[in-house]
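Notes to accompany the following structure.
The values are calculated or read from the model by the stated rules, or taken from the named source; none is laboratory data. None of the values given here were measured: they were computed from a predicted structure. So basically every Cβ, Gly included, is an ideal-geometry build from the backbone, and we count neighbours across all protein chains shown. When the accessible area is computed, the model is the full protein with side chains, heavy atoms only, and any ligands, DNA or RNA have been set aside. Shrake-Rupley method; radii C 1.70, N 1.55, O 1.52, S 1.80 Å.
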Amino acid sequence: MIRMSVSDIVGVTGGYLADGADPEAIVTGSVEFDSRRIEPGGLFVCLPGAQVDGHDYAVGAVESGATVALAARETGAPSIIVPEVPRPESNAAAYEHDPSGHGAAVIAALGRLARHNVDVAAGHGMRVVGVTGSAGKTTVKDLIASVLRENDGGGDVVAPPGSFNNEIGHPYTALRCSTDTDYLVAELSARGVGHVAELAAIAPPVVGVVLNVGTAHIGEFGDRDTIARAKGELVEVLPGADDGGVAVLNADDPLVAAMAGRTRARVVTFSAAGDPGADYRADAVRLDEACRASFTVEGPDGLSEPVSLNLVGDHQVSNALAAIAAAVGAGLDPRSACAAVSAHEPVSGRRMEVTRRDDGVTVINDSYNANPDSMAAGIRALAHSAAATGGTAWAVLGQMNELGPDAADRHAETGRLLGESGIPRLVAVGTGVNTHALAQAAETAGTRVVTADSVDAAINFVQPALEPGDVVLVKASSSEQLWRVADTLLALPVTESLEEQDAEQ
């Protein structure tokens, strides 16, 4: 965060001082909501969670060096007490364990502080690039950040770790910006109409990227048209073309392409399918044995540049084009953007991570999250990789959450896709109706199925059955914890996910 006095933070957040907080003290360190990460001079944000309440850790945070705590009630530590706000009518996890409204008050104050920080940084030339979509946001965010870091020999870029893309993670990321930051690459999630606009108000983007309108969280939105309405809020808030606004849209998705009529910004399109009307197009796409794509980017002013990705899956072609178009919209040379995309290495974990063990078994760890579209992409990668190695393709799959009343049907579609793709083995993890639908449809489609009632049972079945050359895809929604399967197969220490760590104090 940009250096601020405690009194200035009070002014921005609308709070008041308590428990001996010094108005002249300066916050020089980072803003943290995990007391274990506090550094001298930092600001500790008190958030209630499922297991603990950050207010109870304020004294320890100050003892560890925090200048002051941002809180909704007195804590016994020097604090800024923020004003109450109406509790949002939201299905966000941030408000799930907040009966007192303390979390809502602190989150609102955090957003105001983040907006102030962004405004100061923007006054020193920082530009914000926002990314949204039903799938691929984190990968594209990572790609854009990598490309922009190559700008003029290396720009100072802030981007969220992992998927910090919600009411807490987004302002937390924005508060990492300084007057030296050239770009903030922001990932914007939504579980309802209005959410993207609210996040964009914290860090107003100049370049906005909409990747796709799929079925992730359809249980919360109701239908794809409502998802499109929500995702399109990003292009609605962009500045006009004369003020540098650029909307980057996927020409292969009709619901995204239609968003061109919702923005004042200059519209730039991309197409992995090679749509001749798109500004950036993929031509001559090829996949190597690890399902990594190489292709030629065709674009404006005679652009024709080769790109070879270090990312797994044919769906990464679209992600790469989106990143290139966004980086050019933010000011980077197109050929430099193509070269930087080719040089990019995966950053955020458990997203199509491919590792070959010493015995020749390949593990595709895509266990961070899942929806029908990303499941299909993972299955295509599994089939391609197993065909290249000559081994058996194993799908270790769990439930996809937040799919609404049609969830069982969507799981059955994934099961049928396994059979149609020639995947011979499925280990379906879980005991619910959705897992049953997945398993039953896969078996009917010709895949041999074993149902494991727990993650440990899946590990115990798969581990001894693998042979050299086999390829294993591990995928489910993050709450199913199938990353434990991948970690065990790779003989890694089984660790908490980043999001689980940040949920603790």
ask   = Considering Ser304, Ser348, Ser294, which residue is in contact with an Asp or Glu (Cβ under 6 Å, 6 or more places away or on another chain), free of Cβ contacts under 8 Å to residues at least 24 places away in the same chain and either crowded, with 16+ Cβ neighbours inside 10 Å or more than 24 Å from Val185 (Cβ to Cβ) (or both)?
value = Ser304
query = Could you list, in sequence order, the residues of the range 429-488 that are within 17 Å of Ala407 (Cβ to Cβ), in contact with a strand residue (DSSP E or B) (Cβ under 7 Å, 6 or more places away or on another chain), among the small types (Gly, Ala, Ser) and not in a loop (DSSP other than H, G, I, E, B)?
reply = Ala439, Ala442
note = Log entry, pairs with first residue in the range 202-214 being of a type in the set (Asp, Glu), second being surrounded by 24 or more Cβ atoms within 10 Å (Cβ to Cβ) and part of a loop (DSSP other than H, G, I, E, B), beta carbons closer than 7 Å, six or more apart or on different chains, reads none
ask   = Do any residues in the range 432-455 that are over 18 Å from Thr392 (Cβ atoms) have Cβ atoms under 7 Å from those of residues that are open to solvent by 100 Å² or more (accessible area, probe 1.4 Å), where the two are at least six apart or on different chains, and which pairs are they?
value = Ala441/Arg416; Asp453/Thr431
Residue satisfying condition, being under 30 Å from Glu220 (Cβ atoms), of a type outside the set (A, V, I, L, M) and either out of contact with any strand residue (DSSP E or B) (no Cβ under 9 Å at 6 or more places or on another chain) or open to solvent by 20 Å² or more (accessible area, probe 1.4 Å) (or both), within set Pro78, Pro88 = Pro88
key: Whichever residue in the range 352-400 is touching a helix residue (DSSP H, G or I) at 6+ places or on another chain (Cβ under 6 Å) and part of a loop (DSSP other than H, G, I, E, B) and, among such residues, is most open to solvent (accessible area, probe 1.4 Å)   = Asn369
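Condition check ((1) basic (Lys, Arg); (2) touching an Asp or Glu at 6+ places or on another chain (Cβ under 9 Å); (3) surrounded by fewer than 24 Cβ atoms within 10 Å (Cβ to Cβ); (4) under 16 Å from Pro372 (Cβ atoms)) across all residues:
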{"position": "Glu413", "(1), (2), (3), (4)": "no, no, yes, yes"}
{"position": "Gly419", "(1), (2), (3), (4)": "no, yes, yes, yes"}
{"position": "Pro424", "(1), (2), (3), (4)": "no, no, yes, no"}
{"position": "Gly430", "(1), (2), (3), (4)": "no, yes, yes, no"}
{"position": "Asn434", "(1), (2), (3), (4)": "no, no, yes, yes"}
{"position": "Thr444", "(1), (2), (3), (4)": "no, no, yes, no"}
{"position": "Arg448", "(1), (2), (3), (4)": "yes, no, yes, no"}
{"position": "Ser454", "(1), (2), (3), (4)": "no, no, yes, no"}
request  = Go through (1) modelled with pLDDT of 95 or more; (2) of a type in the set (Gly, Ala, Ser); (3) within 20 Å of His102 (Cα to Cα) and name the single condition Gly20 misses.
outcome  = (3)
request  = Specify the residue that is surrounded by the most Cβ atoms within 10 Å (Cβ to Cβ); the eligible residues are those in the range 113-143 that are among the basic types (Lys, Arg) and under 11 Å from Ala323 (Cα atoms).
outcome  = Lys141
ask   = Inside the range 31-73, can you point out the residues that are part of a loop (DSSP other than H, G, I, E, B) and buried (at least 18 other Cβ atoms within 10 Å of the Cβ)?
value = Phe33, Ile38, Gly42, Cys46, Leu47, Gly49, Ala66, Thr67, Ala72
Filter result for Gly11 (free of Cβ contacts under 8 Å to residues at least 40 places away in the same chain, open to solvent by 10 Å² or more (accessible area, probe 1.4 Å), touching a helix residue (DSSP H, G or I) at 6+ places or on another chain (Cβ under 7 Å) and assigned to a helix (DSSP H, G or I)) = no
query = Does Val328 fit the bill of being closer than 27 Å to Asp275 by Cα, over 19 Å from the mean Cα position of the chain (by Cα), in a strand (DSSP E or B) and in contact (Cβ under 8 Å) with a residue 24 or more places away in the chain?
reply = no
message = Being open to solvent by less than 10 Å² (accessible area, probe 1.4 Å), under 18 Å from Val210 (Cα atoms) and among the β-branched types (Val, Ile, Thr): is that true of Val317 here?
response = yes
ask   = Using beta carbons and a limit of 8 Å, which pairs, at least six apart or on different chains, have the first residue in the range 373-395 and in contact (Cβ under 8 Å) with a residue 40 or more places away in the chain and the second one in a helix (DSSP H, G or I) and hydroxyl-bearing (Ser, Thr, Tyr)?
value = Met375/Thr414; Ala376/Thr414; Ile379/Thr414; Ala393/Ser385
